[in-house]
Amino acid sequence: MISNPLHRLPPRFHVAADWIVTLLVAVLFVLVFEAEVAKPYRIPSASMEPTLHCARPAEGCEAASSDRVIADRLAYRFHGPQRGDIVVFTAPSAAARQCQTGGTFVKRVVGLPGEQLSSGNGRVLVDGRPLDESAYLRAGVVTSLAPTRVPRDAYFVMGDNRGDSCDSRAWGAVPRRNVIGRVDLTYWPPTRLGSP
């Protein structure tokens with residue numbers, strides 16, 4: 001039989017000790033869960049509009065409050081990001097120079113390792129073939145892209161708001177090691193709850 005060390009305390013302290021232990025275990029669980037499984041992020045800019053909203057009055061933002069998203073840190077344990085995934089990543093140092101900001105970015109994966117990217121007639125071309133982005137780009141969006149080869153073990157990312165996104169077109173591909181996780185859920189505001 002396992003003995004409970006709390007029984008050695010005077011009876012009036014049992015309830016308080018139970019609550020303290022429960023809260024400590026809960027905090028520990030949340031910290032481990034956030035560090036290893038899923039982490040929340042706030043959308044700070046208009047680069048992913050209209051898919052993910054940022055808050056007005058910031059330029060280009062369409063909503064009263066910024067979307068909050070959960071990044072699944074386990075999504076890429078056994079395979080790399082897929083085209084079309086929205087990913088959270090640590091921006092390469094060149095991003096800070098080109099965008100006047102660094103840190104953590106949220107963008108969409110457009111190019112995979114080894115692919116040749118370019119643009120034609122306002123659309124992204126992957127190895128010479130037009131990429132269908134109608135599921136997440138507004139009609140009439142024009143994408144300009146200088147020909148580039150995505151390095152091995154790196155990903156080419158762009159914002160859905162192509163005219164207002166400082167992305168791989170400006171600072172190059174994102175190394176695989178910089179990818180934190182895949183955005184799987186918008187959890188705030190409640191009216192935006194669901195998959196982006």
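The values are calculated or read from the model by the stated rules, or taken from the named source; none is laboratory data. Everything numeric in this text was worked out from a predicted model, so none of it was measured. Methodologically, a virtual Cβ is constructed for each residue, glycine included, from the backbone with ideal geometry; neighbour enumeration extends over all protein chains shown.
Residue under question is Ser118, and the condition is that it be in the same structural domain as Arg177 (by TED's automatic domain parsing), under 19 Å from Trp171 (Cα atoms) and touching a strand residue (DSSP E or B) at 6+ places or on another chain (Cβ under 6 Å); does it hold? Here the answer is yes, as Ser118 does meet what is asked.
Table: residues versus (1) within 21 Å of Cys54 (Cβ to Cβ); (2) of a type outside the set (Asp, Glu); (3) touching a strand residue (DSSP E or B) at 6+ places or on another chain (Cβ under 8 Å); (4) not assigned by TED's automatic domain parsing to the domain that holds Asp72.
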| residue | (1), (2), (3), (4) |
| --- | --- |
| Gly114 | no, yes, yes, no |
| Ala139 | no, yes, no, no |
| Ser144 | no, yes, yes, no |
| Asp167 | yes, no, yes, no |
| Ala173 | no, yes, yes, no |
| Asn178 | no, yes, yes, no |
| Thr186 | yes, yes, yes, no |
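Arg68 meets the stated requirement of being over 24 Å from Ser144 (Cβ atoms), out of contact with any helix residue (DSSP H, G or I) (no Cβ under 7 Å at 6 or more places or on another chain), modelled with pLDDT of 90 or more and surrounded by fewer than 20 Cβ atoms within 10 Å (Cβ to Cβ).
Here's the yes/no breakdown for (1) in contact with a Pro (Cβ under 7 Å, 6 or more places away or on another chain); (2) within 24 Å of Arg68 (Cβ to Cβ):
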{"residue": "Gly114", "(1), (2)": "no, no"}
{"residue": "Ala154", "(1), (2)": "yes, no"}
{"residue": "Asp164", "(1), (2)": "no, yes"}
{"residue": "Ala170", "(1), (2)": "no, no"}
{"residue": "Arg176", "(1), (2)": "no, no"}
{"residue": "Pro189", "(1), (2)": "no, yes"}
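Which residues, taken from the stretch 178-187, are in a strand (DSSP E or B) and either surrounded by 15 or more Cβ atoms within 10 Å (Cβ to Cβ) or not aromatic (Phe, Trp, Tyr) (or both)? Within the stretch 178-187, Val179, Ile180, Gly181, Arg182, Val183, Asp184, Leu185, Thr186 meet the criteria. Across the stretch 49-63, the qualifying residues are those that are free of Cβ contacts under 8 Å to residues at least 12 places away in the same chain and in a loop (DSSP other than H, G, I, E, B), and the one among them that is nearest to Lys107 (Cα to Cα) is Arg56.
Looking at the stretch 78-133, which of the residues that are β-branched (Val, Ile, Thr) and within 13 Å of Leu145 (Cβ to Cβ) is surrounded by the most Cβ atoms within 10 Å (Cβ to Cβ)? Per the stated criteria, the residue is Val110. Kindly provide the set of residues from the stretch 123-150 that are more than 21 Å from the chain's Cα centre (by Cα), within 17 Å of Ala170 (Cβ to Cβ) and not in a strand (DSSP E or B), ordered by number. Within the stretch 123-150, Val142, Thr143, Ser144, Leu145, Ala146, Pro147 meet the criteria. Taken across the stretch 143-159, residues that are in contact with a helix residue (DSSP H, G or I) (Cβ under 7 Å, 6 or more places away or on another chain), surrounded by fewer than 21 Cβ atoms within 10 Å (Cβ to Cβ) and of a type in the set (Val, Ile, Thr) do occur, with at least one present. The set of residues in the stretch 160-196 that are out of contact with any helix residue (DSSP H, G or I) (no Cβ under 8 Å at 6 or more places or on another chain) and under 16 Å from Thr90 (Cβ atoms) comprises Ser168, Ala173, Pro175, Arg176, Arg177, Asn178, Val179, Ile180, Gly181, Arg182, Val183.
Rundown of residues vs (1) in contact (Cβ under 8 Å) with a residue 40 or more places away in the chain; (2) of a type in the set (A, V, I, L, M, F, W, C), yes/no style:
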| residue | (1), (2) |
| --- | --- |
| Val69 | yes, yes |
| Asp72 | yes, no |
| Pro81 | yes, no |
| Gly84 | yes, no |
| Phe89 | yes, yes |
| Ala94 | yes, yes |
| Arg97 | yes, no |
| Gln100 | no, no |
| Val106 | yes, yes |
